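Asker: Below: one structure in structure tokens.
Only the coordinates and a few stated rules stand behind these numbers; no lab work does. Everything numeric in this text was worked out from a predicted model, so none of it was measured. Cβ placement follows ideal geometry from the backbone for every residue including glycine, while neighbour counts extend to all protein chains displayed.
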Amino acid sequence: MTSFDIPEALVRAEIDEAALRANASVLAERLAPARLKCVVKANAYGHGVDLVAPALFAAGWREFCVATIPEALELRELLGPEAEILAWLYGPTTDLDAALQADIALGVSTLGSFDRLAEAALRTGTTARLHLKIDTGLGRNGLAPDDLVRAFDWLRSHDEERRLAADNARPGEPSHAAAPGIRIVGIMSHFAVADEPERPETAAQSAVFSSAHGQLRAVLDAADGRLGESEALDVHIANSPGALTLGPCPGTSARVGLALYGLSPLADGDAAALGLRPALRLLSTVINLKDIPAGHGASYGLTFTAATDTRFALVPGGYGDGLPRAASNRAEVAIRGRRYPVVGRIAMDQMIIDIGCGNDDVAIGDEVVIFGPGGPSAAEWGTWADTINYEIVTQLSARVERFARGDGAESAGTESTNAESTGRQPAGADGVER
């Protein structure tokens, strides 16, 4: 960017669609024959779901995951009826009707959810498609062992009610209309320490999950298909760390979030070494330059004092945009390919960069790479703020303008052709993705 070529939003996130597509292909090939589920919760990990999800959908990916029902409904509006969408985080008073009417598959983590979902299915005249979520050791959402036993009892009882309703249906009336209900289409869990492959807990979780899967299959087989087909269950426990450290990938699919965006979930992992490319560059602009004498302070609290004469560059971007204040006096940015330190406290809207005395290489209007290709990584910002790269990207605020870069031809040669094993839909004879 050259001098004064400044967009309306001074802090902006450039999303590389070609990198997204390439990452998805790399991950799908690693997972095969398990399928890739694209996790786009939390505004696509801060990248902008309105940019990311359509780009992945246009490239042929059809399976998407979010956390909440509002996220799922937004995604349905963005992608239309062909996308397979799963959500799993909702409360005891969340309206479930809209999710069923929008054909959102839902994770089930509590016993009370079964009754609520069965009632919602009756009200809406739809079938609730459910993934049983099992707590295999993470201790968050999911059915604990005792609750899982009760869940199987509930399923057997529900099946009996549906069978009786079907038997008592009037002649010619479809049995599913007589008793709208639930259908189990998947079983899921979540690894706790797959980013530390030497730890034994992952194997222990896998064993618990495998046992639960076997029990669920027995329940479904006994129901003779009325509750779902045991052979067709979508089985998924692997997250990004699991997808990258386990081989073969357990289950029929994996829910991949952070790695999809070209960031490593592993403490000692390098994204490039994993074949991944960061899809986001957070950019700003130099809007002021001033010469500073030795002894002059910088920003609130004057936590930095210039040891010698120097030059400050003022750069928009602060904790109001999602940058961590904890990275003050530790972070760096890049201007014209050179790293410079952030000095003083990061404020709500701006930060001060020390570019050195007499530095004429930096001009007002120059582009600043806060993080991403050409600058520090999100992982480095995480280190400077004593947090992780997940938080760095997901906390980017709505004030940051997100825009897409990349054309369809750039990565066409890198995408997998195995549509069946990757979860992509094959192209038709006219070359259009179906």
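Asker: Compute the relative contact order of the stretch 17-261 as a whole-number percentage, counting only Cα pairs closer than 8 Å that sit 6 or more residues apart in sequence. Intermediate results must be reported in sequence, preceding the final value.
Answerer: Values: 420 pairs, mean separation 51.1, N = 245.
In percent, rounded to a whole number, it is 21.
Asker: Determine the dipole magnitude for the chain: charges of +1 sit on the beta-carbon of Lys and Arg, -1 on that of Asp and Glu, nothing else is charged, the reference point is the Cα centre, and the result goes in debye to the nearest 20. Walk me through the intermediate numbers first.
Answerer: Numbers: 38 positive and 58 negative charges, 62 e Å.
The calculation lands at about 300 debye.
Asker: Measure off 7 Å from each Cα along the Cα-to-Cβ vector at Ala222 and Gln101, then give the distance between these two points in nanometres to one decimal.
Answerer: 3.6 nm
Asker: If you take the square roots of the eigenvalues of the alpha-carbon gyration tensor of the stretch 17-261 and sort them as a ≥ b ≥ c, do you get rounded (a/c under 1.5), prolate (a/b over b/c) or oblate?
Answerer: Details: a/c = 1.98, a/b = 1.36, b/c = 1.46.
Oblate, since a/c reaches 1.5 and b/c is not below a/b.
Asker: Next up: Kindly put Trp384, Trp61, Trp88 in sequence by how many other C-beta atoms sit within 10 Å of each C-beta, fewest to most. Write down the numbers at each step before the final one.
Answerer: Numbers: Trp384 19, Trp61 29, Trp88 23.
By the 10 Å Cβ count, ascending: Trp384, Trp88, Trp61.
Asker: Assuming 0.36 nm per residue, please report the length gained on full extension of the stretch Arg339 to Ala398 beyond their Cα-Cα distance. Don't skip to the end; give the middle numbers.
Answerer: Details: separation 59, 0.36 × 59 = 21.24 nm, distance 2.66 nm.
Roughly 18.6 nm would be gained on extension.
Asker: Would you work out which of Pro241, Ala212, Gly112 lies farthest towards the positive end of the dipole of the stretch 17-261, given +1 charges on the beta-carbon of Lys and Arg and -1 on that of Asp and Glu, about the Cα centre?
Answerer: Pro241
Asker: So, one more: How high is the relative contact order of the chain, in percent, with contacts defined as C-alpha pairs under 8 Å that are six or more residues apart? Walk me through the numbers before you get to the answer.
Answerer: On the way: 923 pairs, mean separation 94.9, N = 434.
Contact order relative to length: 22 percent.
Asker: If I stretch the segment between Leu302 and Asp360 completely, what's the gain in nm (0.36 nm per residue apart, minus their alpha carbon distance), one decimal? Walk me through the numbers before you get to the answer.
Answerer: Numbers: separation 58, 0.36 × 58 = 20.88 nm, distance 2.56 nm.
Contour length minus the Cα-Cα distance gives 18.3 nm.
Asker: So how long is each side of the chain along the principal axes, counting just the alpha-carbon atoms, biggest first, in Å?
Answerer: In descending order, the Cα extents are 90, 51, 40 Å.
Asker: Here is a further query. Full-extension gain between Lys290 and Leu138, please, as 0.36 nm times their residue separation minus the C-alpha to C-alpha distance.
Answerer: Values: separation 152, 0.36 × 152 = 54.72 nm, distance 5.16 nm.
My answer for the length gained is 49.6 nm.
Asker: Using a Förster distance of 35 Å, how high is the FRET efficiency between Ala273 and Asp386, based on the Cβ-Cβ distance and rounded to 0.05? Numbers along the way, then the final one.
Answerer: Working: r = 24 Å, r/R0 = 0.70.
After rounding to 0.05, the efficiency reads 0.90.
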